[in-house]
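A.B. asks: The structure follows.
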Amino acid sequence: EPKLRKRIDKIEGARGRWAVVKMRMFADALKSEGFKELASEALGALKRLLELPRFAKYKAAWKDLNLHDADEDKSGPGKLEIDENTPLKTGTTSPAAARSHVWMWRHDLDAPEDSKKAWKPYPIKDSDAIEERYLSKKRSDTFELNSKYSINFVTMLQFQTDDEYRQRAIKRVKNPLATTTLSLVSPPELQPVEIKSSEKSGVKIDDEVELAKKTEPKIKVDEVKSPQKTTKKQTVWAWKSDLDLSDSDSDAWTEYPTGKALAIEKAYQEKKDTIKLNAKYSINFGAMIQFQSKDEYRQRPIKRKAK
C-alpha cells in the first residue's frame with residue numbers, strides 16, 4: 001500500500017496535462033482490486049486537481065469521466081465515486097483515450113515548430129468536430145469550426161472567418177492517451193520448488209519464499225510516452241528585407257510566418273507559377289520574387305531553404 005499511495009502522490013504532484021485522466025484510471029484499478037480506501041484517496045486527489053486554476057477548463061470533463069460528488073457516507077464527506085453503470089475496467093481506456101488522433105493549433109510562433117510550447121490542443125469538442133469532418137467522405141477543403149474560425153484542410157491552416165489572412169497552422173497528431181492502458185500484474189500460482197544442492201552438502205532449499213518476494217503483486221500505470229522527435233529538416237521561406245546587404249548575409253532576409261510559409265510551400269510543391277499571398281502581395285516561383293499585386297514592378301527576392 002505505501003507504494004500505491006506514493007503513486008497517487010506522484011500523479012497529483014506532477015500535475016501534467018493528462019493527470020486528471022491518469023488519476024481516474026488509477027483510482028478505478030484500485031477499486032476493482034479491492035483497495036477501497038486507496039481508491040477513495042485517489043478520487044480525492046482527482047477532485048483537488050480539478051479545483052486548481054490550471055485545470056479549471058477540465059471541470060467539464062467530470063461528466064465525461066462519469067464522476068460526481070458523493071453523498072456523505074462512511075468514506076467521509078466530499079468524496080468522489082465512480083458511476084457503476086459505466087465503469088472503466090482493467091485494460092480499457094478512458095473516453096479521451098479512445099480517440100486515435102487529436103488536433104492542435106500553432107500557439108507560439110516564436111517557439112521552434114517541434115517544441116511542445118509551440119502547439120496547443122483544441123478543446124475535446126472542437127477536436128472531435130474537426131476529426132469527424134476530416135474523416136468524412138464528403139469533406140470539403142474548408143470547414144467552419146465556429147462563428148469565428150474556419151479550417152482549411154488543404155493548407156492545414158486555421159483562419160478567422162471574417163479575415164482569412166489572419167491564420168495559424170494546425171496539425172493532426174496521434175493521441176498519446178490512445179496507448180495508455182492500465183495493466184495489473186498478478187503473480188503466477190506458486191508451487192513449492194525443491195532445489196537440491198550439490199551432493200556434497202545434501203541441503204534441500206524450498207525456493208518458494210524467494211519466488212514470492214520477486215513476484216509480489218504490483219499495480220502499475222504505463223507512462224504516457226512523448227512522441228519521438230524526428231530529425232526531418234523544416235523548410236522555410238524568406239523574403240529579402242534589406243536590399244543593401246548581400247544575398248549571403250543572413251540579416252538580409254526575413255522569414256515568412258509559419259502559416260504563410262506553409263501555403264507558399266504547398267503551391268511550390270504543386271508547381272504553380274504564381275500564388276496570391278494576400279490582398280497586397282503575390283509570388284512568382286519562376287522568378288523567385290514577391291511583388292505587389294497592384295504594381296508588379298515593386299519586387300523583392302524570395303528564397304526557400306532548409307532550417
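No lab work stands behind these numbers, since they all come straight from the coordinates. Since the model is a prediction, treat every value here as computed from it, not as a measurement. FYI the Cβ positions are ideal-geometry reconstructions off the backbone, even for glycines, and counts take in every protein chain you see.
A.B. asks: Shape verdict for the stretch 235-306, please, from the Cα gyration tensor: rounded (a/c under 1.5), prolate (a/b greater than b/c) or oblate.
C.D. replies: Taking the square roots of the gyration eigenvalues as a ≥ b ≥ c, the stretch 235-306 is oblate.
A.B. asks: If we count other beta carbons within 10 Å of each Cβ, what is the order of 23, 104, fewest first?
C.D. replies: So the residues, fewest neighbours to most, are 104, 23.
A.B. asks: Tell me whether the stretch 101-174 comes out rounded, prolate or oblate; compute the Cα gyration tensor, take square roots of the eigenvalues as a ≥ b ≥ c, and use a/c under 1.5 as the rounded threshold.
C.D. replies: It is oblate, given that a/c is not under 1.5 and a/b is not larger than b/c.
A.B. asks: Collect residues whose amide H, placed 1.01 Å from N in the peptide plane, falls under 5 Å from the amide H of residue 119; neighbours closer than 5 in sequence don't count.
C.D. replies: Residues meeting the amide H criterion: 107, 108.
A.B. asks: Subtracting the Cα-Cα distance from 0.36 nm times the residue separation, let me have the gained length for residue 265 to residue 6 in nm, one decimal.
C.D. replies: Separation in residues times 0.36 nm, less the Cα-Cα distance, equals 88.2 nm.
A.B. asks: Could you give the length gained on full extension between residue 33 and residue 146, defined as 0.36 nm per residue of separation minus the Cα-Cα distance, in nm?
C.D. replies: Additional length available on full extension: 36.3 nm.
A.B. asks: What list of ³J(HN,Hα) values in whole Hz, one per residue of the stretch 111-121 in order, does the Karplus curve 6.51 cos²θ - 1.76 cosθ + 1.60 (θ = phi - 60°) give from phi, with Gly and Pro shown as x?
C.D. replies: Calculated HN-Hα couplings, in order: 7, x, 4, 8, 8, 5, 5, 6, 10, 10, x Hz.
A.B. asks: Still on this structure: Rank these for me by crowding, 145, 46, going from fewest to most other beta carbons within 10 Å.
C.D. replies: Listed from fewest to most nearby Cβ atoms, that is 145, 46.
A.B. asks: Give the calculated FRET efficiency between residue 294 and residue 104 to the nearest 0.05, with a Förster radius of 51 Å applied to their Cβ-Cβ distance.
C.D. replies: 0.90
A.B. asks: A further question on this structure: Under the rule of at least 5 residues apart or a separate chain, name every residue whose amide H is placed under 5 Å from the amide H of residue 175.
C.D. replies: 101, 102
A.B. asks: If amide hydrogens are placed 1.01 Å from N in the peptide plane, which non-local residues have theirs closer than 5 Å to the one on residue 145?
C.D. replies: Counting only residues 5 or more places away or on other chains, the set is 150, 151.
A.B. asks: Take 135, 245, 43 and order them by how many other Cβ atoms sit within 10 Å, fewest up front.
C.D. replies: Sorted ascending by nearby Cβ count, the order is 135, 245, 43.
A.B. asks: Sticking with this structure for a sec: Return the FRET efficiency for the residue pair residue 136, residue 113: r is the Cβ-Cβ distance, R0 is 25 Å, and the value is rounded to the nearest 0.05.
C.D. replies: Between residue 136 and residue 113 the formula returns 0.35.
A.B. asks: May I pose another question? From the backbone phi of the stretch 234-241, what are the Karplus-calculated ³J(HN,Hα) couplings (6.51 cos²θ - 1.76 cosθ + 1.60, θ = phi - 60°) in whole Hz, Gly and Pro given as x?
C.D. replies: 8, 8, 10, 10, 9, 10, 7, 8
A.B. asks: Set the bar at 18 Å for Cα to Cα. Now go through 117/171; 240/266; 10/47; 10/125 and name every pair that lies beyond it.
C.D. replies: 240/266; 10/125
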